[in-house]
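Report on the structure given below.
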Amino acid sequence: MNSSGLQTKVLRGKRDEEITNPQTGTCALTWGVFPHREIIQPTVFDPDTFLVWKDEAFLLWKTVWADTYEEDSHSYDLLESVFDTFYLVAIIDDAYVDGDEKIWKLLSGLDQGIRK
C-alpha cells in the first residue's frame with residue numbers, strides 16, 4: 001500500500017503505457033456489502049490479470065465495435081479515438097473503512113480537471 005492509501009493502475013489502450021504506483025500484488029476486493037449480511041460477490045484484483053483484461057477490452061473496440069461501421073464514418077472515427085486515447089483505470093482504496101474518503105476526493109479532483 002502506498003502512503004496515500006490508494007493504489008492506482010492506469011493503462012492506455014493503443015500503447016503499452018502504464019501509470020501506476022507501487023502495488024502489493026493481488027488484493028481482495030468486496031462488492032455487494034450490506035449490513036448484517038454476507039458478502040454477496042467477493043472478488044480479487046490481480047495487476048497481471050488487469051494487463052491482460054486491458055488488451056481484451058480495448059481490442060473489442062477495434063474488432064467488434066469499429067468493424068461494424070464504414071471506415072470513413074464518424075462512428076468508426078470515434079471508436080478509433082477511444083482505442084487511441086482512452087485509459088482503463090483501477091483505483092483501490094485500502095483504507096476505505098477509515099472514512100477519509102480519499103477515493104472520492106481523487107475522483108472529484110479529476111472531474112474538476114476535466115471541466116477546465
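Among what's in region 58-73 and is hydrophobic (A, V, I, L, M, F, W, C) and surrounded by 15 or more Cβ atoms within 10 Å (Cβ to Cβ), pick the residue that is nearest to L11 (Cα to Cα). The qualifying residue nearest to L11 (Cα to Cα) is F58. The residue that is modelled with the lowest pLDDT, counting only those in region 23-37 that are more than 14 Å from A90 (Cβ to Cβ) and out of contact with any strand residue (DSSP E or B) (no Cβ under 6 Å at 6 or more places or on another chain), is V33. Only residues that are under 26 Å from the mean Cα position of the chain (by Cα) and at pLDDT 90 or above were counted across region 58-73, and they come to 1. Here Y76 clears all of (1) over 22 Å from L110 (Cα atoms); (2) surrounded by 15 or more Cβ atoms within 10 Å (Cβ to Cβ); (3) at pLDDT below 85 except the condition numbered (3). Summed over region 39-57, the residues that are modelled with pLDDT of 85 or more and farther than 20 Å from T8 by Cα give a count of 0.
The values are calculated or read from the model by the stated rules, or taken from the named source; none is laboratory data. Since we're looking at a predicted model, the values are computed, not measured. As a convention, Cβ positions derive from the backbone with ideal geometry for all residues, glycine included, and neighbour counts pool all protein chains shown.
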